[in-house]
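The values are calculated or read from the model by the stated rules, or taken from the named source; none is laboratory data. Keep in mind the model is a prediction, meaning the values are calculated, not measured. Every residue, glycine among them, receives a Cβ derived from its backbone with ideal geometry; neighbour counts consider all protein chains shown.
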Amino acid sequence: MEKEDDSRAGTYTTIANGPDVRHELEIRRSRFITVLRRSPDEETARSLVSDLRREFHDARHHCSAFVIGPDRMIQRSSDDGEPSGTAGIPMLEALIKRETLPKTADLSDVSAVVVRYFGGILLGAGGLVRAYSESVSAALDLAPMVQRRRLRLCAVEVPHADAGRLENELRSAGYVMAETGYEAGHAVLRLALADDSVTISEAHARLASLTAGRLELRPQGTEWVDIAR
């Protein structure tokens, strides 16, 4: 579980967990192969660059950019041999200026690498900026998005025989379920709730209704949870 975050950002958008997103553009004979990866930390982001250097070992450039964290405070970019400012920064701007909702640019936990095979025709500084920016934007068009929301976690210990039924009833009631734990004598169901007293009181009441008052929720701090858009 993540520690509580004093950032004022309670939600942000990222790409869904899953295979890397890939897209290729050809511009004046140069190939621009863009790969996006969900990256919750710098190690994961930098591993994408390493992976693609091995895969496309004969390419001239492996330019990169990433933005990480609910407050988007970690931002890095690299031109990797392209003229200064023509690759990494346009890529980073394509990430941080991406509107995930109208007038909302909150994309984070994403790394992008553009592998370029030079086609023999110089594009000029302006042409490179456009090419790298458009490459990342086109890949983002293909990427499934999810909202990350910081929620209050509450847990309830349930006999194994009742865990599946109770989890289904809570999901049917609209509750977001975090990871379920299994111990020797019981299962631990975890609900991810909006962090306000009304919602938490309502969850206590719903659980009491579903279990005839036999089970109670206990607080477990907060966690960032993926919410389908």
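So that you can scan it fast, the table gives a plain yes or no per residue for (1) farther than 18 Å from GLU24 by Cβ; (2) in contact (Cβ under 8 Å) with a residue 24 or more places away in the chain; (3) under 15 Å from the mean Cα position of the chain (by Cα):
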{"position": "VAL35", "(1), (2), (3)": "no, yes, yes"}
{"position": "ALA59", "(1), (2), (3)": "no, yes, no"}
{"position": "SER64", "(1), (2), (3)": "no, yes, no"}
{"position": "VAL67", "(1), (2), (3)": "yes, yes, yes"}
{"position": "PRO70", "(1), (2), (3)": "yes, yes, yes"}
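Selection over segment 104-118 of residues that are closer than 13 Å to THR13 by Cβ and surrounded by fewer than 16 Cβ atoms within 10 Å (Cβ to Cβ) gives a count of 2. Screening SER47 on (1) within 30 Å of GLY124 (Cβ to Cβ); (2) among the polar types (S, T, N, Q); (3) without any contact (Cβ under 8 Å) to a residue 24 or more places away in the chain shows it passes everything except condition (1). Any residue at all in segment 180-193 that is polar (S, T, N, Q), loosely packed, with under 15 Cβ neighbours inside 10 Å and without any contact (Cβ under 8 Å) to a residue 60 or more places away in the chain? The answer is yes, given that some residue of segment 180-193 is polar (S, T, N, Q), loosely packed, with under 15 Cβ neighbours inside 10 Å and without any contact (Cβ under 8 Å) to a residue 60 or more places away in the chain.
Per-residue answers, yes or no, for (1) small (Gly, Ala, Ser); (2) under 30 Å from ALA65 (Cβ atoms):
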| site | (1), (2) |
| --- | --- |
| VAL114 | no, yes |
| VAL176 | no, no |
| THR180 | no, no |
| ALA203 | yes, no |
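Quick one: which of VAL129, VAL156 is surrounded by 13 or more Cβ atoms within 10 Å (Cβ to Cβ), in contact (Cβ under 8 Å) with a residue 12 or more places away in the chain and under 30 Å from PHE32 (Cα atoms)? Exactly one residue qualifies, and that residue is VAL129. Annotation: of all residues in segment 132-145 being surrounded by 15 or more Cβ atoms within 10 Å (Cβ to Cβ) and not in a helix (DSSP H, G or I), the one that is nearest to the chain's Cα centre (by Cα) is MET145. Those strands (runs of 3 or more DSSP E) of segment 2-115 in which 1 or more residues are at pLDDT 95 or above and under 28 Å from THR222 (Cβ atoms) occupy 11-15, 30-38, 61-68, 74-78. Checked against the criterion of being among the basic types (Lys, Arg) and farther than 22 Å from THR11 by Cβ, segment 179-202 has no qualifying residue.
Give the residue, chosen from ARG148, ARG165, ARG152, that is in a strand (DSSP E or B) and out of contact with any Leu (no Cβ under 6 Å at 6 or more places or on another chain). Residue meeting the stated conditions: ARG148.
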